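A short worksheet on the structure shown next.
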Amino acid sequence: MPFLKMVKFQLKLYIKNSYFVNLVIIETSSMLLYEYLAGYVGHNYSGQEWLIAGIMGTWSSCTTSAGALGYQRRQGTLSHLLNTAIPHEKALLAVLSPAAIYGLIAFPLAGIETIILKMPLNNLSWQLLLGIFLLWIACIVLSYFISLFFILSRNAIAYERLIFLPILLLSGLLSVPTFIYPFIKPFQLLSPLSLPIKIIYGQFPQFTWILSYIVVLIAFILLSKWMTNVVIHRAFKEGRLNIF
């Protein structure tokens, strides 16, 4: 399929960039080492440390959507991709998919490092695979949606870190005090990352969370499809894609 060939080509370009490659490795390893040191004194490990690091690494890769678009813009290829007969949605998805695909190495990387550090490796089951798959889908949809705003900025890469941790932390990556949970639960229901994180952690979410995931994901897809032509038309009109 032409689309898969586009994704393959973009993936080759993506992994040639040392920043994108090293970001996943550094974020995953840093989070795992933090979890290791936090429980080292009492050897009090839950076995979920590697899962936290894996989620962190995968999402950090997806947030490079800003950098990926900026990278394509500097190469001079983004404007050509968006100015062809190829639907804008496919062109953007082909550019952004490699970030989510490459980000999946965070889980095996975290698992290997966990074994090296002699920490427990829990939640190895079909449920984990399901959670990772749902997380991957959610990351692609979210990164696509966010990238639409990055198209309008020539310095989008500078905003990556502003969206990285807030979205992930408010989606349930780490536990929060009981008195805070009622305030962030509405946000978690609106985040497509929340359900996959619960499943990855071995929890069995209520039907409300499953329904919320489906509805929110569909809403993001429809909204992204509507916004694509609007944002790209504005970008062309304002010359933000370096078209003269």
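The values are calculated or read from the model by the stated rules, or taken from the named source; none is laboratory data. Note that the structure is a prediction, hence the values are computed from the model and not measured. Cβ: placed from backbone, ideal geometry, glycine included. Neighbour counts: every protein chain shown.
Given (1) hydrophobic (A, V, I, L, M, F, W, C); (2) modelled with pLDDT of 85 or more; (3) within 13 Å of the chain's Cα centre (by Cα), where does Ile112 come up short, assuming only one miss?
Just one mismatch for Ile112, condition (3).
So for segment 59-71 (the condition being in a helix (DSSP H, G or I), β-branched (Val, Ile, Thr) and buried (at least 16 other Cβ atoms within 10 Å of the Cβ)), does at least one residue qualify?
No: zero hits.
Please determine whether any residue of segment 6-17 is part of a helix (DSSP H, G or I), of a type outside the set (Asp, Glu) and within 30 Å of Pro120 (Cβ to Cβ).
no
Just to be sure I understand the filter: pairs with C-beta atoms under 6 Å, separated by 6 or more residues or on different chains, first member in segment 181-197 and surrounded by fewer than 22 Cβ atoms within 10 Å (Cβ to Cβ), second member at pLDDT 85 or above and of a type in the set (S, T, N, Q). Which pairs pass?
From residues that are surrounded by fewer than 22 Cβ atoms within 10 Å (Cβ to Cβ), the pairs are Gln188/Ser194; Leu189/Ser212.
Among the residues of segment 6-49 satisfying the criterion of being hydroxyl-bearing (Ser, Thr, Tyr) and touching a residue at least 40 places away in the same chain (Cβ under 8 Å), which is nearest to Gly202 (Cα to Cα)? Break it down stepwise before answering.
Pass one, segment 6-49, residues hydroxyl-bearing (Ser, Thr, Tyr): 14, 18-19, 28-30, 34, 36, 40, 45-46.
Among the residues that remain, those that are also touching a residue at least 40 places away in the same chain (Cβ under 8 Å) are: 14, 19, 28-29, 36, 45-46.
Values: Tyr14: 32, Tyr19: 32, Thr28: 20, Ser29: 22, Tyr36: 20, Tyr45: 16, Ser46: 12 Å.
The qualifying residue nearest to Gly202 (Cα to Cα) is Ser46.
Name the one entry in Ile52, Ile132, Ile112 that is over 17 Å from Gln10 (Cα atoms) and free of Cβ contacts under 8 Å to residues at least 60 places away in the same chain.
One residue alone meets the criteria, Ile112.
From the residues in segment 10-35 that are among the aliphatic types (A, V, I, L, M) and within 19 Å of Leu169 (Cβ to Cβ), which one is nearest to the chain's Cα centre (by Cα)?
Checked segment 10-35; the qualifying residue nearest to the chain's Cα centre (by Cα) is Val24.
For segment 1-23, give me the residue count where each residue is buried (at least 16 other Cβ atoms within 10 Å of the Cβ) and over 20 Å from Leu93 (Cβ atoms). Steps first, answer last, please.
So in segment 1-23, the residues buried (at least 16 other Cβ atoms within 10 Å of the Cβ) come out as 6-7, 10-11, 13-14, 20, 23.
If we keep only those that are over 20 Å from Leu93 (Cβ atoms) as well, we get 23.
Of the residues in segment 1-23, 1 are buried (at least 16 other Cβ atoms within 10 Å of the Cβ) and over 20 Å from Leu93 (Cβ atoms).
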